[in-house]
Amino acid sequence: MYFFRVLAIVTGAALTVAPIAAQISRPGGTSSGGSLGGTTPTNGTIGSSTGGISNASTNTNSPFPDANTHPIFLSGKVVLSDGTLPSGQVLIESLCNNRRRAEGYTDPKGRFSFQFGQNREVFDDASESSMGSRPLGSRANSPGGGRQLDLQNCEIRASLPGFRSDSISLFNHQYLDNPELGTIILHRLENVEGLTISATTALAPKDARKDYEKGLEALKKNKAEEAQKDFEKSVELYPKYAVAWFELGKIHEQANRPGEARTAYAHAIEADAKYINPYERLYMLAFKDSKWQEVADGSDHVIRLNPYDFPSAYFYNAMANIRLNKLDLAEKSAREAVKLDTKGENPKANYVLGVILANKRDFAAAAECLRAYLKAVPNDPDNERIRQQLAEIEQSAQAKPPAQN
């Protein structure tokens with residue numbers, strides 16, 4: 001029996017499997033890139049791949065452009081540092097005043113092209129707050145009568161787990177300038193075996209690839225049944241098509257067919273053991289079913305494949321080990337989750353670490369963790385209960401140790 005229990009904000013209904021609906025149209029996997037860190041828990045919803053998202057059109061302090069500005073079109077190419085193309089689609093992001101936004105994906109030739117700011121969903125990027133940064137404003141009126149964006153503090157980069165991206169600054173870029181930005185280079189990180197792209201993709205026969213791409217297009221149109229048939233045709237033609245198996249698994253998961261989803265994910269792993277996305281979905285399904293040893297084993301495997309880009313794996317590993325009453329392992333994973341959460345996307349990691357430390361009677365450090373959580377999420381509806389826990393922990397920290405006989 002623990003002295004302090006983790007509240008239901010992370011162990012009950014609030015701790016859910018990452019919404020597949022938010023991921024199902026994303027080609028190739030759930031994780032969005034090296035800097036994003038996979039399906040990281042965010043803003044009180046654990047496992048949301050779109051966590052921290054806000055609507056830029058309703059945010060008057062948004063650092064991003066609004067509908068009254070001239071449209072800016074940008075294009076370019078992404079290559080690996082050895083000159084080869086990535087074997088899957090790569091997310092292209094904009095970063096403005098410490099806020100980042102997904103702008104689009106590369107095509108099979110590594111090219112990208114998009115209208116800057118067309119995607120209105122934005123999410124926090126840096127660990128520090130962007131509240132004090134100067135938001136993008138307007139310059140003098142341009143010949144067309146609209147406002148010219150001030151892109152002084154904006155840059156474009158690629159995002160892919162296991163890789164570090166160069167950035168291209170948009171300083172002084174104007175809407176009539178040449179849209180071609182040039183080439184963004186991705187540099188592979190060391191000691192990373194697990195990736196969100198599969199080596200089997202490049203070996204797919206033409207017909208199998210065609211069916212897979214048709215499936216992706218069907219998903220974009222919210223035609224899940226049609227997409228399922230396309231992916232099934234694809235893996236029938238090419239049984240080692242790991243990304244097609246993975247997409248098929250997501251469709252089954254979204255349709256509440258966990259058995260079929262697990263089978264598809266298992267086929268994806270069988271096809272490519274270093275393709276990390278299906279491992280992630282499997283341990284999240286196990287979490288939903290309270291299969292704590294499976295969660296611990298699955299998240300640990302993801303960590304061993306890729307110790308950098310999946311801080312959420314450390315978080316789930318900590319939660320599973322709490323349930324298994326392995327507090328030392330839970331503390332180790334929780335500390336890594338906090339350490340890797342440089343963008344502040346999962347403040348609940350601090351809360352979980354605090355409860356673990358309280359149970360290990362390190363009350364001063366536990367109180368510090370809970371204060372960090374309350375500061376990061378000041379408006380969480382569960383904060384009153386957490387403040388009560390904090391008060392108990394602080395009282396325990398101030399209590400005198402029992403007299404020694």
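The values are calculated or read from the model by the stated rules, or taken from the named source; none is laboratory data. These figures come from a predicted structure and were not determined experimentally. So basically every Cβ, Gly included, is an ideal-geometry build from the backbone, and we count neighbours across all protein chains shown.
Brief remarks on what is shown
- One residue from 123, 64 being closer than 30 Å to residue 244 by Cβ and at pLDDT below 85: 123
- For first residues located in the range 381-401 and at negative phi and part of a helix (DSSP H, G or I), partners that are surrounded by fewer than 15 Cβ atoms within 10 Å (Cβ to Cβ) and at pLDDT 90 or above and lie 6+ apart or on another chain with Cβ distances below 6 Å form the pairs 397/364.
- Residue that is among the small types (Gly, Ala, Ser) and over 26 Å from the mean Cα position of the chain (by Cα), where the choices are 218, 204, 199, 227: 204
- Residues in the range 316-337 that are under 25 Å from residue 159 (Cα atoms), at pLDDT below 95 and buried (at least 24 other Cβ atoms within 10 Å of the Cβ): 337 only.
Let's see how each residue does on (1) on the phi > 0 side of the Ramachandran plot; (2) without any contact (Cβ under 8 Å) to a residue 24 or more places away in the chain; (3) in a helix (DSSP H, G or I):
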site: 283; (1), (2), (3): no, no, yes
site: 295; (1), (2), (3): no, no, yes
site: 301; (1), (2), (3): no, yes, yes
site: 307; (1), (2), (3): no, no, no
site: 312; (1), (2), (3): no, no, yes
site: 317; (1), (2), (3): no, yes, yes
site: 320; (1), (2), (3): no, no, yes
